[in-house]
1. Give me a count of the residues in segment A:26-83 that are part of a loop (DSSP other than H, G, I, E, B), within 16 Å of the ligand (Cβ to nearest atom) and touching a residue at least 12 places away in the same chain (Cβ under 8 Å).
2. Residues to consider are B:Thr210, B:Thr264; find the one that is within 17 Å of B:Tyr163 (Cβ to Cβ), touching a residue at least 40 places away in the same chain (Cβ under 8 Å) and out of contact with any strand residue (DSSP E or B) (no Cβ under 6 Å at 6 or more places or on another chain).
3. Considering only helices (runs of 4 or more DSSP H) fully contained in segment B:214-323, which possess at least 2 residues that are crowded, with 23+ Cβ neighbours inside 10 Å?
4. Residue check: is B:Glu290 in contact with a helix residue (DSSP H, G or I) (Cβ under 7 Å, 6 or more places away or on another chain) and under 25 Å from B:Thr20 (Cβ atoms)?
5. Give the residue that is nearest to B:Ser93 (Cα to Cα), with candidates limited to residues of segment B:306-335 that are in contact (Cβ under 8 Å) with a residue 60 or more places away in the chain and of a type in the set (D, E, K, R).
6. Under the condition of being within 23 Å of the chain's Cα centre (by Cα) and facing chain A (nearest Cβ under 7 Å), which residue from segment B:117-134 is farthest from B:Leu338 (Cα to Cα)?
7. Wholly within segment B:135-207, which helices (runs of 4 or more DSSP H) include no fewer than the required count, namely at least 2 residues that are surrounded by fewer than 21 Cβ atoms within 10 Å (Cβ to Cβ) and within 14 Å of chain A (Cβ to nearest Cβ)?
8. Could you tell me whether any residue of segment A:99-118 is free of Cβ contacts under 8 Å to residues at least 12 places away in the same chain and over 25 Å from A:Cys36 (Cβ atoms)?
Amino acid sequence: MATPDARPAKPRPIVNAWAQPFWDAARAGRLLIQRCRDCGEPCFYPRIACPNCGAAALDWVEARGRGSVYSYTVVQNNAPSAFTADVPYVVAVIRLEEGVQMLSNIVDCDPSAVACDMAVEVTFQRLDDEFTLPKFRPVRR
Amino acid sequence: MAKHRTRGRTAIVGVGEVPTGRFPDRGAISFALDSVREAIRDAGVDKDTIDFVIPTGALFSPQFSNELATARIVEELGLKGVVSNCQVFSGGSSSTNALRIASALIETRRARCVLFVHTDKLGTGVSAQGGIDLFSTAGISAEWEVPYGQHYSTVAALATTRYQYETGCTDEELSAVCVSNRKWGELNPHAFFRTPLTIDEVMASKMLSTPLRAKQSNMLFDGGAAFIVTSAKEARELTPQPAYVLGDGGAVTHFAYSQERDLTRFGWAAAAAQAFGEAGIAPSDIDVAEIYDSYPIFQLIAFEELGLAARGEAGGLFLRGETWPGGRIPTTTDGGMLSKGHIGAGGSVSLLIEAARQVMGKAGARQVPGARFAVETATGGTYMDSQVTILGNTVP
Ligand SMILES: [Zn+2]
């Protein structure tokens with residue numbers, strides 16, 4: 001049985017160079033997506049060219065940080081080693097208002113309160129000095 | 001788009017397989033060699049007729065996987081007529097992609113007799129937690145998903161949650177998939193789980209990631225299998241009953257799971273339309289369905305999207321036993337990954353050779369009487385593709 005001290009560190013994102021502005025912004029508490037200068041389509045995750053039309057002219061734009069839960073699950077057992085101390089934790093596919101999807105965690109709420117199509121907003125959780133992960137929490141009324 | 005008609009031009013002529021299990025004292029190479037030797041015997045081919053060897057990847061060991069890529073099997077078995085040894089690996093859809101490539105090579109006369117082989121040692125080649133950790137990275141985006149604790153239980157659970165939300169499918173119906181597959185597993189000497197299973201047992205098992213429970217999750221084992229493909233003409237000379245490749249279709253829909261726009265459908269409908277169109281038959285003509293089942297949700301979705309049941313109604317069919325032995329549409333008749341066991345890319349190899357056995361009349365206690373047409377599905381990574389193959393004992 002692994003002791004808590006022996007538990008592996010959280011996996012850090014393996015960053016593609018062109019995505020660095022996203023991670024820099026996340027560390028500063030801003031959620032960036034890209035928008036194609038040619039066709040106008042938004043995209044996430046960061047690309048070197050628009051997955052819709054192929055144009056290389058992608059602008060960084062700040063997302064409003066609001067969206068909905070497309071789907072979710074509460075991890076209770078058999079988590080990856082680095083996450084066993086976190087159970088129960090919520091993994092969710094988020095649909096941002098801009099139309100793009102991303103994987104994240106739902107935090108700052110009872111996991112049993114999460115539901116499909118519920119409104120969420122971004123919040124930022126520090127992983128280490130280099131990385132801050134965008135996460136989501138229920139929209140406070 | 002005009003397409004070269006491929007219906008019935010090639011056939012599977014021989015299959016080989018070792019039982020799924022835990023074999024700490026056996027090297028993974030032995031599963032491959034035993035499977036290939038059986039496939040050669042089953043096909044009745046001279047081993048030196050094999051001119052193209054397609055090993056797939058083994059997940060438990062990069063070293064071993066590279067040995068397969070660099071012709072270890074050719075050397076071990078002394079195959080003397082091999083022009084190419086070329087690895088084809090797309091995770092769980094490797095078998096379908098290899099069959100597609102094999103058929104294309106044979107149709108264009110770039111190959112005469114193609115051997116595909118899979119072996120892996122995920123049961124005893126890695127620890128239990130090592131298996132969980134392997135499947136928290138394999139096929140999962142290292143930048144956009146691994147840092148959030150994504151792994152295959154969450155992947156399956158995310159599809160299940162949304163599918164239940166949209167269709168009203170119940171936990172009981174999901175569990176019925178496990179029970180149906182076990183009915184077949186009981187009849188398969190190569191299956192690891194062969195004792196009866198009830199819906200209550202499935203629903204009482206440990207919750208992994210809501211709503212996915214332990215007995216709705218595949219387990220990792222050792223195993224291997226092989227098949228041999230040749231032209232329809234040569235097939236008829238070799239064996240009284242080849243398994244003709246009637247049609248195939250596919251759709252690659254995502255890499256990162258979170259980028260999939262419809263976790264309740266994937267690309268199955270498009271893939272099925274291609275496959276059935278090429279085969280010249282309809283879903284209602286299918287006698288046996290070998291549907292990829294790493295988790296119940298994916299078996300239900302593919303079953304419906306293929307046109308074997310209306311949306312939201314597959315669970316009821318499994319619950320009522322229509323997919324069981326003796327049922328109206330026998331499904332996943334080798335027991336699937338849920339009963340036979342998950343052996344890496346071999347999950348769909350197993351289903352593909354079971355489809356071949358069924359139309360060749362070689363499925364033993366699991367034989368569906370008079371089976372003419374079998375449909376088989378496969379998918380790799382985090383369900384990044386939807387692959388459909390139709391085999392038949394006759395060319396319509
Ligand atoms: Zn564009």
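1. Just the residues of segment A:26-83 that are part of a loop (DSSP other than H, G, I, E, B), to begin with: A:28-31, A:37-41, A:44-57, A:63-65, A:76-80.
Now narrow it down to the ones that are within 16 Å of the ligand (Cβ to nearest atom): A:37-41, A:44-57.
If we keep only those that are touching a residue at least 12 places away in the same chain (Cβ under 8 Å) as well, we get A:37-39, A:41, A:44-48, A:50, A:52-53, A:55, A:57.
Summing the residues that are part of a loop (DSSP other than H, G, I, E, B), within 16 Å of the ligand (Cβ to nearest atom) and touching a residue at least 12 places away in the same chain (Cβ under 8 Å) in segment A:26-83 gives 14.
2. Residue meeting the stated conditions: B:Thr264.
3. Passing ranges, in order: B:268-279, B:296-305, B:314-319.
4. Yes.
5. If we take residues in segment B:306-335 being in contact (Cβ under 8 Å) with a residue 60 or more places away in the chain and of a type in the set (D, E, K, R), then B:Asp334 is nearest to B:Ser93 (Cα to Cα).
6. So the residue we want is B:Asp133.
7. On the way: elements: B:152-167, B:171-185, B:199-204.
The qualifying helices (runs of 4 or more DSSP H) are B:152-167.
8. Checking segment A:99-118: at least one residue is free of Cβ contacts under 8 Å to residues at least 12 places away in the same chain and over 25 Å from A:Cys36 (Cβ atoms).
Read the figures in this text as sums done on the coordinates, not as results from a lab. On a predicted model such as this, the values are computed, not experimentally measured, just so you know. Methodologically, a virtual Cβ is constructed for each residue, glycine included, from the backbone with ideal geometry; neighbour enumeration extends over all protein chains shown.
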